[in-house]
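So the structure is just underneath, and the comments pick up after that.
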Amino acid sequence: MRYPEFLKNNGRIGFIAPSFGCASGDYRICFDEALKFFKTAGYQTVLGPNCYEECGLGKSNTPEKCGEEINDFFTNDRCDVIISCGGGETMCEDLPYIDFEAISKAKPK
């Protein structure tokens with residue numbers, strides 16, 4: 001098993017929404033407050049394109065677009081750690097669109 005580095009001061013926290021996003025209501029309010037907290041604590045935040053999407057019942061976006069977001073965040077250097085901003089019930093729909101080989105070769109997060 002490969003372990004990621006600990007998050008450093010002024011580190012970059014990436015947020016993705018591979019299932020349910022934080023587009024409306026209390027989810028949006030709580031997510032925005034969490035972002036403020038992380039910024040106040042000295043961290044940078046990087047939002048995925050699906051964090052504020054609501055393209056289906058209980059799903060931030062299409063499984064294809066959620067898979068793209070997962071691949072992008074796990075294989076790029078824009079963030080040091082990744083947090084799912086909400087949900088998880090429909091992530092299994094994303095599996096056919098995830099590039100597990102590319103992720104396995106990327107720096108762990």
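The values are calculated or read from the model by the stated rules, or taken from the named source; none is laboratory data. None of the values given here were measured: they were computed from a predicted structure. Quick reminder, even Gly has a Cβ in these numbers, built from the backbone with ideal geometry, and neighbours come from all protein chains shown. Accessible surface is based on the protein model in full, side chains and every heavy atom, while ligands, DNA and RNA are left aside. Shrake-Rupley method; radii C 1.70, N 1.55, O 1.52, S 1.80 Å.
If the condition is being in contact with an Asp or Glu (Cβ under 6 Å, 6 or more places away or on another chain) and not in a loop (DSSP other than H, G, I, E, B), then segment 48-64 contributes only Pro63. Examine segment 86-105 for a residue that is under 13 Å from Gly48 (Cβ atoms), in contact (Cβ under 8 Å) with a residue 24 or more places away in the chain and of a type in the set (S, T, N, Q), and state whether such a residue exists. No, because not a single residue in segment 86-105 is under 13 Å from Gly48 (Cβ atoms), in contact (Cβ under 8 Å) with a residue 24 or more places away in the chain and of a type in the set (S, T, N, Q). Here is the figure for segment 18-57: residues that are of a type in the set (D, E, K, R) and touching a Phe, Trp or Tyr at 6+ places or on another chain (Cβ under 9 Å) total 2. Taking each residue of segment 1-16 that is exposed (fewer than 11 other Cβ atoms within 10 Å of the Cβ) and looking for partners that are part of a loop (DSSP other than H, G, I, E, B) with beta-carbon atoms closer than 6 Å, six or more apart or interchain, yields Arg2/Pro108; Asn9/Gly42; Asn10/Gly42.
Applying the condition of being open to solvent by 10 Å² or more (accessible area, probe 1.4 Å), at pLDDT 95 or above and aliphatic (A, V, I, L, M) to segment 17-62 and asking which residue is farthest from Asn76 (Cα to Cα) yields Ile29.
For the condition assigned to a loop (DSSP other than H, G, I, E, B) and either small (Gly, Ala, Ser) or touching a Ser or Thr at 6+ places or on another chain (Cβ under 6 Å) (or both), what is the one hit in Gly67, Gly88?
Numbers: Gly67 fails: assigned to a loop (DSSP other than H, G, I, E, B).
It is Gly88.
Of the residues making up segment 67-103, those that are hydrophobic (A, V, I, L, M, F, W, C), open to solvent by less than 30 Å² (accessible area, probe 1.4 Å) and modelled with pLDDT under 95 number 1.
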